[in-house]
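The values are calculated or read from the model by the stated rules, or taken from the named source; none is laboratory data. In this text, all values refer to a predicted model and were calculated from it rather than measured experimentally. Positions of Cβ are backbone-derived with ideal geometry, glycine not excepted, and every protein chain shown enters the neighbour counts. The protein model used for the area step is the full one, side chains on, heavy atoms only, and it has no ligands, DNA or RNA in it. Shrake-Rupley method; radii C 1.70, N 1.55, O 1.52, S 1.80 Å.
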Amino acid sequence: MGCDLELRLLPAGAAHFVLTPDEQEWTEEPADPAAAGHRLLTAFSAKEALFKAFSVLLPAPEAPTNLLGIAVVPVPGGFHGRPRRLPGPLLEVAVHPVGRRGVFSWAGA
């Protein structure tokens, strides 16, 4: 299992460091900047939780070495994620709000 807690929004310019163009497109869909910022935060937190889980589940050469090495797809209540260069394992990530703007994510099989 991997967990992540984020309590502050990320700057929009940080998206290209952690998200692929397809993932960035999803975060930018809402016209409301606050909603777009929250989507960026949830995707970032989900990838952080996945990174921690994959670092334990996969041997060193197969585990992603950064967040761009993880693919996420939004689903109700969170994301599905996998290492980008592998067909699996596919893990589920639950994302829950914390306070006014924060999120708590956990990934597991």
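Just checking, does the stretch 49-69 include any residue being open to solvent by 50 Å² or more (accessible area, probe 1.4 Å), under 15 Å from D4 (Cβ atoms) and touching a Pro at 6+ places or on another chain (Cβ under 9 Å)?
The answer is yes; a qualifying residue exists.
How many residues does the stretch 23-54 hold that are in contact with a strand residue (DSSP E or B) (Cβ under 6 Å, 6 or more places away or on another chain) and of a type in the set (V, I, T)?
Residues meeting the conditions: 1.
Could you go through the stretch 8-30 and let me know if any residue there is among the hydrophobic types (A, V, I, L, M, F, W, C), touching a Leu at 6+ places or on another chain (Cβ under 6 Å), open to solvent by 60 Å² or more (accessible area, probe 1.4 Å) and part of a loop (DSSP other than H, G, I, E, B). Can you show your working first?
We begin by selecting, within the stretch 8-30, every residue among the hydrophobic types (A, V, I, L, M, F, W, C); these are 9-10, 12, 14-15, 17-19, 26.
Still in the running and touching a Leu at 6+ places or on another chain (Cβ under 6 Å): 9-10, 15, 18.
Now narrow it down to the ones that are open to solvent by 60 Å² or more (accessible area, probe 1.4 Å): 9.
If we keep only those that are part of a loop (DSSP other than H, G, I, E, B) as well, we get 9.
Checked the stretch 8-30: at least one residue is among the hydrophobic types (A, V, I, L, M, F, W, C), touching a Leu at 6+ places or on another chain (Cβ under 6 Å), open to solvent by 60 Å² or more (accessible area, probe 1.4 Å) and part of a loop (DSSP other than H, G, I, E, B).
Report those strands (runs of 3 or more DSSP E) wholly inside the stretch 33-104 carrying at least 2 residues which are in contact (Cβ under 8 Å) with a residue 40 or more places away in the chain. Spell out how you get there, then give the answer.
Values: elements: 70-75, 78-83, 91-98.
In the stretch 33-104, 70-75, 91-98 are the strands (runs of 3 or more DSSP E) which contain 2 or more residues that are in contact (Cβ under 8 Å) with a residue 40 or more places away in the chain.
So which residues in the stretch 71-93 are surrounded by 16 or more Cβ atoms within 10 Å (Cβ to Cβ) and within 10 Å of the chain's Cα centre (by Cα)?
If the condition is that a residue be surrounded by 16 or more Cβ atoms within 10 Å (Cβ to Cβ) and within 10 Å of the chain's Cα centre (by Cα), then A71, V72, P74, G78, F79, H80, G81, V93 are the ones that fit.
With the requirement that a residue be among the small types (G, A, S), farther than 16 Å from H80 by Cβ and open to solvent by less than 70 Å² (accessible area, probe 1.4 Å), what does the stretch 31-48 give you? Show your work before the answer.
Looking only at the stretch 31-48, we keep the residues that are among the small types (G, A, S), and these are 31, 34-37, 43, 45-46.
Narrowing the set further to residues that are farther than 16 Å from H80 by Cβ leaves 31, 34-37.
A34, A35, A36, G37, listed by residue number.
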